[in-house]
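Enquirer: Below you'll find the structure I mean.
The values are calculated or read from the model by the stated rules, or taken from the named source; none is laboratory data. Every value quoted in this text rests on a predicted model; they were computed, and no experiment measured them. Here the Cβ positions follow ideal geometry from the backbone for every residue, glycine too, while neighbour counts run over all protein chains shown.
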Amino acid sequence: MSKNIDRQLEEGRKVLMKGVDGDKQAVKKAHEIFLTLRDAEPNNAVVEAYYGSALALLGRDAVKPIEKADNAEEGLEALNRAVSMNPNNKEIRLLRANVCLRLPESFFQCSSTAIKDYTFLLNQYKKDPGYLSKNQVREIIKDLATAYQNAGKASEGKRAMQQWNQLK
């Protein structure tokens, strides 16, 4: 990637985080940034993942139910493509897991995907403790427990929470 692409990617990340925090204009701007980057770098899995995340946020902020669903579906498809392109990328797995965790299970049934991604990340951490920070591990275990609960697997969720409580 060129320095210009790297700069745009970093700018897009910052803007997207404002969108995650509720800034609807930032979501639109992030979508534009990642759409432009996607055109410039069609085989870049990280760009594809951020594009998918931005689409999911557009869905979150949409007023019309069909627009919400369409954007969320397109976002998930982009995130799945990104994982297919680079299945071992930590950032991509975190993005997809976090989007899947926040989508309504009754409509999207993607808690199992979040569980798979969080489990993958924790397994990588077991192999290499430098892979994630302690704070990331705590957050992932907490989110894993929530994903299990969303998927109707309360006992697995409780087990994950027990792990999380041991790390506090």
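Residues checked against (1) buried (at least 17 other Cβ atoms within 10 Å of the Cβ); (2) closer than 22 Å to residue 72 by Cβ:
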| site | (1), (2) |
| --- | --- |
| 5 | no, no |
| 11 | no, no |
| 17 | no, yes |
| 26 | yes, yes |
| 32 | no, yes |
| 45 | yes, yes |
| 52 | yes, yes |
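Enquirer: So, one more: Tell me, please, whether a residue that is in a loop (DSSP other than H, G, I, E, B) and either farther than 20 Å from residue 52 by Cα or of a type in the set (Val, Ile, Thr) (or both) can be found in region 100-123.
Expert: no
Enquirer: Now a separate question. Would it be correct to say that residue 4 is in contact (Cβ under 8 Å) with a residue 24 or more places away in the chain and polar (S, T, N, Q)?
Expert: Taking the combined requirement at face value, the residue does not satisfy it.
Enquirer: Another question about this same structure. In region 59-116, which residues are among the β-branched types (Val, Ile, Thr) and over 20 Å from residue 160 (Cα atoms)?
Expert: 63, 66, 83, 92 - these are the residues of region 59-116 that are among the β-branched types (Val, Ile, Thr) and over 20 Å from residue 160 (Cα atoms).
The rows are residues; the columns are (1) in contact (Cβ under 8 Å) with a residue 40 or more places away in the chain; (2) β-branched (Val, Ile, Thr); (3) surrounded by fewer than 16 Cβ atoms within 10 Å (Cβ to Cβ).
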residue	(1), (2), (3)
68	no, no, no
71	no, no, no
80	no, no, no
88	no, no, yes
95	yes, no, no
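Here is a yes/no grid of residues against (1) touching a Lys or Arg at 6+ places or on another chain (Cβ under 9 Å); (2) β-branched (Val, Ile, Thr); (3) closer than 26 Å to residue 15 by Cα:
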| site | (1), (2), (3) |
| --- | --- |
| 50 | yes, no, yes |
| 56 | yes, no, yes |
| 84 | no, no, yes |
| 87 | yes, no, yes |
| 101 | no, no, yes |
| 104 | no, no, yes |
| 145 | yes, no, no |
| 154 | no, no, no |
| 159 | no, no, no |
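Enquirer: Of the conditions (1) assigned to a helix (DSSP H, G or I); (2) of a type in the set (A, V, I, L, M, F, W, C); (3) out of contact with any helix residue (DSSP H, G or I) (no Cβ under 6 Å at 6 or more places or on another chain), residue 63 satisfies every one except a single condition; which number is it?
Expert: (1)
Enquirer: Just a yes or no: is a residue in region 134-148 out of contact with any His (no Cβ under 6 Å at 6 or more places or on another chain) and part of a loop (DSSP other than H, G, I, E, B)?
Expert: Within region 134-148, not a single residue is out of contact with any His (no Cβ under 6 Å at 6 or more places or on another chain) and part of a loop (DSSP other than H, G, I, E, B).
Enquirer: Might you check whether a residue that is among the hydrophobic types (A, V, I, L, M, F, W, C), without any contact (Cβ under 8 Å) to a residue 24 or more places away in the chain and either out of contact with any helix residue (DSSP H, G or I) (no Cβ under 7 Å at 6 or more places or on another chain) or not assigned by TED's automatic domain parsing to the domain that holds residue 59 (or both) occurs anywhere in region 102-121?
Expert: no
Enquirer: Of the conditions (1) more than 16 Å from the chain's Cα centre (by Cα); (2) at pLDDT 95 or above, residue 45 clears all except one; give me its number.
Expert: The single condition residue 45 does not satisfy is (1).
Enquirer: Just one of 152, 157 is at positive phi and either acidic (Asp, Glu) or at pLDDT below 95 (or both); which is it?
Expert: Unique residue meeting the criteria: 152.
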